[in-house]
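Please find one structure pasted underneath; my questions will follow.
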Amino acid sequence: MEALYKFFKSIKLAVVLILTIAILSIVSTLIPQGKDTAFYFHTYGAFWAQVLLRLRFTDYFRSLLFLAPVSLFFVNLSVCSIDRLINRERRKARRRHGPDLIHIGLLLLIIGAIFSVFTRREGMVYMGEGDEIRLPGEYTLRLLDYQYEEYENGRPKDWISTVEVSRDGEVLIASFSIEVNKPLKIGGINVYQTSFAREDRATLRDAEGTSSPIASGEGFEWEGAVVIFQGIEGTIAVFEKWENHTRTEAYRVGIGETIGEYTLEELGSRDVTGLQAVKDPGFIPVVIALILVATGLSLTMIQKRKDKDI
């Protein structure tokens, strides 16, 4: 038991865990997170895609690669904090609240970060004028207008999406302009302006005569496979067929021709704005933790200056 206690209060253990967390976190930033399985097979090949998926490097902050060292570091930090308090009481040493606040802040930071990982919800959507999306809390966001501004040299200057927010048929916000540094905040949700793009669209008609529009990147199931609409080349729609995470065939379809059980009825493109909705209940604990750490560091520096003056 004593050996286990010494192990968990070891500073060397803390250093190793911090380095492990830092290195793995840096590596994870190089790998797009939360994409479809097909994306990783297409981007990294079958072997590396399977490695990334099995290690859950594609969802790093929910994987054991992250949770295991962070949990160990939480235990290590807790034991160090308790050991420090016990030794201080035994020696009847003068209380120094700076380190205590730093330790408490770091522990709360870990709790808040893990809470954020499992409760944070975010979604990215591309919208054209008149499109609507549903947000958590039964909010409906409708795009009224958007503008794309450039500098004289052609570089992007600003994207502005003007939206309406309603709930249960009642308009709560008649008009709000979302900009890159000006998100919409409602019901604990932040809606950010992230991008601007040109979107290809195809209209498919089924055997019963029902027409359904799909955008590039979307698709449908066909004979146990998934067919993805890739975009438009001239007057031709390009589709790809994926089976078992592997692209097996490509199709070039003109208007009036069939693809699977559908007939291509119409092709077109439109400008769309990219909006990202984020709800993060763990944000407040993380902010409080950072304030505690900053306060603890300040008190520690002040105390050290006083000790030098004595």
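Cut-off 11 Å, label point 7 angstrom out along Cα-to-Cβ of F39: give me the residues of region 122-151 whose amide nitrogen falls inside.
Zone members listed by number: 124.
Return the lysines within reach of K279: Cα separation strictly under 21 angstrom, same-chain partners fewer than 8 residues apart disregarded; answer none if there are no such residues.
K35, K182, K185
If you don't mind, there's one more thing I want to ask. For A174 and A113 in the same chain, what is the full-extension length gain: residue separation times 0.36 nm, less their Cα-Cα distance, in nm? Don't skip to the end; give the middle numbers.
Values: separation 61, 0.36 × 61 = 21.96 nm, distance 3.49 nm.
Difference between extended and current length: 18.5 nm.
May I ask for the angle, rounded to the nearest 10°, between helix 283-309 and the longest principal axis of the chain, with both axes built from Cα atoms and the value confined to 0 to 90°?
Between helix and principal axis, roughly 30 degrees.
Hey, another quick one. Points 7 angstrom from Cα along the Cβ direction at Q276 and L55: gap in nanometres?
Here the answer is 2.4 nm between the modelled labels.
What list do you get for S177, S28 if you sort them by fewest beta carbons within 10 Å? Intermediate values should be presented prior to the final figure.
Values: S177 15, S28 18.
By the 10 Å Cβ count, ascending: S177, S28.
Could you pull out every residue, at least 5 positions away or on a different chain, whose amide H is within less than 5 Å of the one on S195? Hs are placed 1.01 Å off N in the peptide plane, and Pro or chain starts have none.
When sequence neighbours closer than 5 places are left aside, the close amide H contacts are G274.
Moving on. K157: which aspartates and glutamates have alpha carbons under 13 Å from its alpha carbon, excluding same-chain residues fewer than 8 sequence positions away?
Leaving aside aspartates and glutamates fewer than 8 places away in the same chain, those within reach of K157 are E149, E179.
Please work out the FRET efficiency for the pair S10 and K182, using the Cβ-Cβ distance as r and a Förster radius of 51 Å; give the result to the nearest 0.05. Mind showing how you got there, number by number?
On the way: r = 47 Å, r/R0 = 0.93.
Working from the Cβ atoms, E equals 0.60.
Using a Förster radius of 35 Å, what is the FRET efficiency between L24 and E249 based on their Cβ-Cβ separation? Nearest 0.05, please. Mind dumping the intermediate values first?
Working: r = 38 Å, r/R0 = 1.08.
The calculated FRET efficiency here is 0.40.
Taking 8 Å as the Cα distance limit and 6 or more residues as the minimum spacing, I'd like the relative contact order of the chain as a percentage. Before the final figure, lay out each step's value.
Details: 511 pairs, mean separation 60.6, N = 310.
Across the chain, relative contact order equals 20 percent.
Treat the count of other C-beta atoms within 10 Å as a stand-in for reagent exposure and order I178, I114 from fewest to most. Please report the intermediate quantities before stating the final value.
Working: I178 22, I114 19.
Ranking I178, I114 by Cβ neighbours within 10 Å, fewest first, gives I114, I178.
What is the helix-to-structure angle for 11-29, meaning the angle in degrees between its Cα long axis and the longest Cα principal axis of the chain, kept from 0 to 90 and rounded to the nearest 10?
Value to nearest ten degrees: 10.
Which order results if F118, F41 are arranged by neighbouring Cβ count within 10 Å, fewest first?
Numbers: F118 11, F41 21.
Result, fewest neighbours first: F118, F41.
None of the figures in this text is laboratory data; all of them are computed from the coordinates on show. Please read all numbers here as calculations on a predicted model, not as lab measurements. Because the Cβ atoms are built from the backbone with ideal geometry, glycine has one as well, and the counts that use them run over all protein chains shown.
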